[in-house]
Amino acid sequence: METAVSFEQVRKRFGEVDALAGLSFSVSKGTKTALLGPNGAGKSTAISLMLGLRAPSSGKVTVLARAPGHARQLGGIGAMLQEAGLPPGIGVRELVSFYRRLFPSPLPLEEIISRAMLGEFAHRRVERLSGGQRQRLLYALAIAGDPQLLFLDEPTAGLDAEARRFFWQSLDDLAAQGRTILFTTHYLEEADAHAEEVLVIQRGRLLAQGSPATLKQAAGVRTIRLRATPEAAERVRRLFGDAACAVGDGQVTIAVPDPEPALSLLLAAGVPLRDLEVGSGTLEDALLQLGEANG
C-alpha cells in the first residue's frame with residue numbers, strides 16, 4: 001500500500017524543549033487514522049509539520065510523496081484546525097463559494113454544502129454562527145478543494161450527538177472514495193468506531209501504532225458489565241476500587257485483566273450477576289494501560 005504521510009526520525013525543538021523527539025511513523029493512503037495522545041504529547045506540532053506550517057529541526061517529513069508545503073500548494077491537502085479564524089461580515093455560502101475557487105479541482109458547491117450540513121444556515125453571516133455551526137463551516141472549507149489527504153483537529157467538538165453521527169457518515173463516505181483521513185479527537189469512542197489505524201504519541205515519540213482492536217488486545221484489558229442496584233454497585237466498588245469501576249444508568253462496568261477471577265470474586269461476595277456481559281476493554285482502557293506502562 002502506498003504511503004500518504006511519512007515521518008523519519010523527526011525532531012522539533014522550541015528553545016530547550018523537544019516537542020517531537022525522534023518521531024517516526026507512516027500513514028497508508030486511503031486509510032482513516034486517529035492521532036491520539038495526552039495534551040502536550042506533540043500532536044499539534046506533528047500536524048503543523050505535516051501541513052508545512054513549520055519545518056522540522058531534523059529528520060524528514062513527506063506528504064503525498066512531496067515536501068508538505070508543496071503538497072499543500074498543489075491542493076492535495078485539506079485541513080480543519082481548532083485555531084482557524086473565519087472572516088466576519090460574509091455569508092456562509094459566499095465564503096465557501098469564494099474558498100473553493102482557490103483550488104484547481106474543487107468539489108461542487110452544493111455537494112460541499114450538503115456534506116457539511118450547512119443548508120439550514122447557508123445564508124447566515126459567519127459571526128452569527130454557533131460553535132457547532134462554525135465547526136461545520138470549517139469542515140466545509142477543509143473539503144472544498146477535494147483533497148487527497150484530509151487533516152481534522154477535534155472535528156466534532158461542539159457538535160450534538162445527531163450532528164456528530166451525520167459528520168462521521170460524511171467522512172466515511174469520503175474515505176470510501178479513496179481519500180486519506182487523519183484526525184485527532186478526545187471522543188475515544190469515535191476513534192474506536194471509525195479509525196482503521198491509531199497512532200499514539202507521548203512526549204514527542206510514537207508510543208504505539210495499530211488498529212483499535214490490536215491495541216485493546218495488546219493492553220490485555222477486559223470488561224465485565226452487569227446491572228446492579230445502588231447497594232450492589234457500592235459492594236462492587238469496594239471489591240475492585242474506584243479506578244476499575246464505572247457506575248451509571250443502573251449498570252456497573254469493571255475493567256480487569258482477566259474476567260474469570262473477577263467473576264469468582266463477585267459470586268463469593270454475593271453480588272447478583274444480572275444482565276451480565278463480558279467483553280473486550282475500550283480504547284480508553286488500552287491508552288491508560290499504555291500510558292501507565294510507559295511512565
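With all protein chains in place and a 1.4 Å probe, the accessible surface of the stretch 15-85 carries 49 percent carbon and sulfur. Of the labelled figures [x] 1.15; [y] 1.25; [z] 0.93, only one reflects Cα Rg over 2.2 N^0.38 Å as derived from the coordinates, namely [x]. Considering only Leu74, Ala219, Ile47, and ranking their Cα positions along the charge dipole of the chain that arises from unit charges at the beta-carbon of Lys, Arg, Asp and Glu, the one farthest toward the positive end is Leu74. In this structure, the amide hydrogen of Ala79, modeled 1.01 Å from its nitrogen in the peptide plane, lies closer than 5 angstrom to those of Phe151, counting only residues at least 5 positions away or on a different chain. Between Ala163 and Ala269, the contour length at 0.36 nm per residue exceeds the Cα-Cα span by 33.8 nm. Averaged per residue, the stretch 118-220 has 42 square angstrom of accessible surface, using a 1.4 angstrom probe with ligands and nucleic acids left out. Extension gain, Ala65-Asp258: 0.36 nm per intervening residue step, less the Cα-Cα distance, totals 65.0 nm.
Its residues counted as N, the stretch 131-174 yields a C-alpha radius of gyration over 2.2 N^0.38 Å of 1.09. With helices as the sole contributors, the chain gives -10500 deg cm²/dmol at 222 nm; each DSSP H run of n ≥ 4 counts as -39500 (n - 2.57), and the sum is divided by every residue. Taking every DSSP bridge with both residues inside the chain, close to 70 percent are antiparallel.
Relative to the 2.2 N^0.38 Å rule of thumb, the stretch 76-134 has a C-alpha radius of gyration ratio of 1.11. Stretching Glu16 away from Arg203 to a fully extended chain increases their span by 65.9 nm, per 0.36 nm per residue minus the current alpha-carbon distance.
The values are calculated or read from the model by the stated rules, or taken from the named source; none is laboratory data. Please read all numbers here as calculations on a predicted model, not as lab measurements. Cβ sites come from the backbone with ideal geometry, for glycine too, and all protein chains shown count toward neighbours. The accessibility values were calculated without ligands, DNA or RNA, using every heavy atom of the protein model including side chains. Shrake-Rupley method; radii C 1.70, N 1.55, O 1.52, S 1.80 Å.
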